[in-house]
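Quick notes on the structure that follows.
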Amino acid sequence: MVNNKVEVFKISNQSKVFKIAFGAMFVALTAIGANITSIAPFLVVGGVPITLQTFFAVLAGLVLGSRLGAFSMFVYMMVGLVGVPVFAQFKGGIGMALSPTFGFILSFILVAYVAGKIREVNASLPSYITAALIAMSINYIFGTNWMYYAYQFWFEAPEGFSYKLAWLWMIPPLPKDIILTVVAGTFAYRLKKHGILIHAPNLTKQSA
């Protein structure tokens with residue numbers, strides 16, 4: 001237990017350059033996760049692509065902490081908005097800000113922040129998994145509501161579109177997102193046990 005704490009302090013006391021580099025890694029991972037089915041087409045199950053954006057947004061918060069995790073997701077969003085094709089289906093550009101699905105991208109900032117904030121208060125395994133699931137819920141709530149209002153106010157809605165239908169669209173990816181989110185929480189906890197953690201001020205409250 002003592003060794004784990006010492007390792008965590010070593011990681012968290014690294015230079016700003018190290019932390020920025022670690023954050024940049026999550027920007028790259030999120031970009032890869034957005035287009036993972038282009039790299040591995042077999043990751044389409046039942047017609048539903050297994051994208052890993054939410055997985056890496058949650059993981060960023062749990063590993064990097066609330067502030068650096070949220071900042072890394074902000075950088076990911078801005079890189080895409082300036083035209084780098086890092087969003088799903090290799091899309092990018094300022095026009096994406098008006099896309100019905102942009103709310104999901106915007107929510108990654110809050111997803112990482114909330115996941116990291118909960119982990120900073122309590123770093124037990126149940127807390128990691130709870131933080132991950134709450135963060136995923138934020139992604140669904142924010143993203144789905146953005147999509148609904150986008151179709152209502154500035155984007156042409158499909159015929160018969162309604163608030164209920166917007167949520168029905170979210171049912172197919174939900175099981176895989178729940179599974180991946182639990183995996184993210186568990187994986188981040190295992191990383192913490194090996195000292196791979198940034199910005200952990202409440203180490204004295206962590207459980208074994």
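Pairs 117/176; 164/192; 19/164: which exceed 31 Å Cα-Cα?
164/192; 19/164
Can you order the peptides 96-108, 148-160 by their average number of other Cβ atoms within 10 Å per residue, highest first?
Ranked from most to least packed, the peptides come out as 96-108, 148-160.
Can you give me the pair-distance distribution of the range 2-203, C-alpha pairs, 10 Å bins, whole percents?
Answer for the range 2-203: a P(r) of 9, 34, 35, 16, 4, 1, 0 percent.
What size of dipole, in debye to the nearest 20, comes out for the range 2-203 about its Cα centre when the only charges are +1 on Lys and Arg C-beta atoms and -1 on Asp and Glu C-beta atoms?
Value, rounded to 20: 720 debye.
When you count, for each residue, the other Cβ atoms within 10 Å and take the mean per peptide, how do 179-192, 162-175 rank with the highest first?
Ranking, from highest mean packing down: 179-192, 162-175.
Charges on Cβ only, +1 for Lys and Arg, -1 for Asp and Glu, centred on the Cα centroid of the range 2-203; of 88, 78, 147, which one is farthest towards the dipole's positive end?
Ranked along the dipole, the leading option is 78.
Any idea how far apart residue 20 and residue 161 come out in nm if each label point goes 7 Å out from Cα toward Cβ?
4.0
Using 0.36 nm per residue of separation minus the Cα-Cα distance, give me the extension gain between residue 145 and residue 89 in nm, one decimal.
18.0 nm
Could you give the alpha-carbon Rg of the range 72-185 over 2.2 N^0.38 Å, rounded to two decimals?
Taking N as the residue count of the range 72-185, the ratio is 1.15.
No value in this document is a laboratory result; all are computed from the given coordinates. This is a predicted model, so every value here is computed, not measured. Reconstructed Cβ throughout: ideal geometry from the backbone, glycine too, with neighbour counts over all protein chains shown.
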